[in-house]
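Visitor: Okay, handing you the structure first.
All of the numbers you see were taken from the coordinates with simple rules; none came from a lab. Because the structure is predicted, anything quoted here is derived from the model rather than measured. Neighbour counts are summed over all protein chains in view; Cβ atoms, including those assigned to glycine, are modelled from backbone coordinates with ideal geometry.
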Amino acid sequence: MAEKKWNPENKRYDFYRVGMLGNECIVNGDIRRYFLSENQSHYPEPASGCGPTALLNLYIWYTKFGLIQESIRHSDPARYKQLKFQEIDRRIAELQGQARSPTTGTNTLEQVLAIDEIVQSSHSRAPVRIHFEYKQAPLTIRDFIELSRNYRAGILSVRPKDSQTGTLMSHHAVLVIRGDTSGKISIANWGQFSHGRLVAKSDGQWFIPDTPDQHELLINQLTTLIPFIPTHTSTSPH
């Protein structure tokens, strides 16, 4: 898992990996059909808001099915989502040392650290933390099946292809909900659920959606998030 340490000389956080023993959080039954897909265009600076939006979808799912306890209840669901998005965005900005802009987004490590901090600060009965594993493309369907159990989920780093020009757009993050033995993968992206398959092409590995009007995505990296309950303190950084 990841930790941060303030570097006074550079006036920024340095990030490093630590080892920690623990037990993965278990959930019985299929709860993945209850994921949300929030549209990032409904939130501040939507052009670079893919990371915080993916985490918002994940956080709401965590609270809905008891992984963590939400300390603040809000009678207006839309307002609640806006406030939670702002909290996620604020934590990422603190890690970055600057707020997002239309042209500067977030990276995967910042996203992992932000959701880990938010989960730690929740009023859960147990001290939940977020372990993460990442793998560069090419990926296998087994990688996606592995993230489809318990409270696991994935953040897929991609570059969408412009359907009009065929050119690659800027880097983008989508939340991976599941993969199955048939080879089908499901993601949450721009307020929609997209179902598709892995396809190898000469320029790399792609996620090709079943629906032609959805973007094809050139895959860079998959990060799997694994909630767990620590049973031991951190070991030395590495």
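Visitor: Please compute the length gained on full extension between Leu21 and Leu109, using 0.36 nm multiplied by the number of residues separating them and subtracting their Cα-Cα distance.
Guide: Details: separation 88, 0.36 × 88 = 31.68 nm, distance 2.03 nm.
Taking 0.36 nm per residue and subtracting the Cα distance, the gain is 29.7 nm.
Visitor: First select every other residue whose beta carbon is under 15 angstrom from the beta carbon of Arg197; then total the charges, Lys and Arg +1, Asp and Glu -1.
Guide: Values: positive: Arg142, Arg178, Lys184, Lys201; negative: Asp143, Asp180, Asp210, Glu216.
Summing Lys/Arg as +1 and Asp/Glu as -1 gives 0.
Visitor: If you don't mind, there's one more thing I want to ask. Just add up the charged neighbours of Pro44: K/R +1, D/E -1, any other residue whose Cβ is under 15 Å from the Cβ of Pro44. Each step should come with its number before you reach the end.
Guide: Working: positive: Arg79, Lys81, Lys84, Arg90, Arg91, Arg100; negative: Glu38, Glu45, Glu87, Asp89.
With Lys, Arg at +1 and Asp, Glu at -1, the neighbours total +2.
Visitor: Which whole number of Å³ per residue matches the convex hull of the alpha-carbon atoms in the range 138-238? Walk me through the intermediate numbers first.
Guide: On the way: hull volume 13.6 nm³, N = 101.
Dividing the Cα hull volume of the range 138-238 by its residues yields 135 Å³.
Visitor: Give the aspartates and glutamates reachable from Lys135 as a straight Cα distance under 19 Å; neighbours fewer than 8 places away on the same chain don't count.
Guide: The reachable aspartates and glutamates, counting only those whose Cα sits under 19 Å from Lys135, are Glu110, Asp143, Glu146, Asp180, Asp203.
Visitor: Sorted from largest down, give the three principal axis spans of the alpha carbons of the range 18-59, whole angstrom values.
Guide: For the range 18-59, the Cα extents along the three principal axes come out at 38, 31, 9 Å.
Visitor: Please state the charge dipole magnitude for the range 77-207, taken about the Cα centre, from unit charges on C-beta atoms (+1 on K and R, -1 on D and E), reported in debye and rounded to the nearest 20. Numbers along the way, then the final one.
Guide: Numbers: 18 positive and 12 negative charges, 75 e Å.
Result for the range 77-207 is approximately 360 debye, rounded to the nearest 20.
Visitor: Where does the longest stretch of the chain lie that holds no trypsin sites (Lys or Arg not before Pro) found in a DSSP loop with 15 or fewer other Cβ atoms within 10 Å? Can you show the working numbers first?
Guide: On the way: sites that count: Lys11, Arg73, Arg125, Arg149, Lys184.
Between exposed loop sites, the widest span is 12-72.
Visitor: Can you list the residues of the range 148-173 with backbone N under 14 Å from a point 7 Å past the Cα of Asp203, pointing along Cα to Cβ?
Guide: Inside the label zone: 159-171.
Visitor: Mind checking the range 51-132 for chymotrypsin sites (Phe, Trp or Tyr not before Pro) that DSSP puts in a loop (not H, G, I, E or B) and that have at most 14 other Cβ atoms within 10 Å?
Guide: Details: sites: Tyr59, Trp61, Tyr62, Phe65, Tyr80, Phe85, Phe132; in loops: Phe65.
Passing sites in the range 51-132 are Phe65.
Visitor: OK, next. Dipole magnitude of the chain about its Cα centre, charges +1 at Lys/Arg Cβ and -1 at Asp/Glu Cβ only, in debye to the nearest 20? Write down the numbers at each step before the final one.
Guide: Details: 27 positive and 24 negative charges, 64 e Å.
Roughly 300 debye, rounded to the nearest 20.
Visitor: I would also like to ask the following. For the chain, the longest stretch holding no GluC sites (Glu not before Pro) located in a DSSP loop with at most 16 other Cβ atoms within 10 Å is which? Display every interim value, and only then the final one.
Guide: Details: sites that count: Glu9, Glu70.
Here the longest run is 71-238.
Visitor: How large is the Kirkwood hydrodynamic radius of the range 27-122, in angstrom, based on all distinct alpha carbon pairs? Please list the in-between numbers first.
Guide: Working: mean 1/r = 0.0721 Å⁻¹.
Hydrodynamic radius (Kirkwood, Cα pairs) of the range 27-122 is 13.9 Å.
Visitor: Same structure again: So what is the diffusion coefficient of the chain in µm² per second by Stokes-Einstein at 37 °C and 0.692 mPa s, using a Kirkwood Rh over Cα pairs? Working shown, then result.
Guide: Details: Rh = 18.5 Å.
So the translational diffusion coefficient is about 178 µm²/s.
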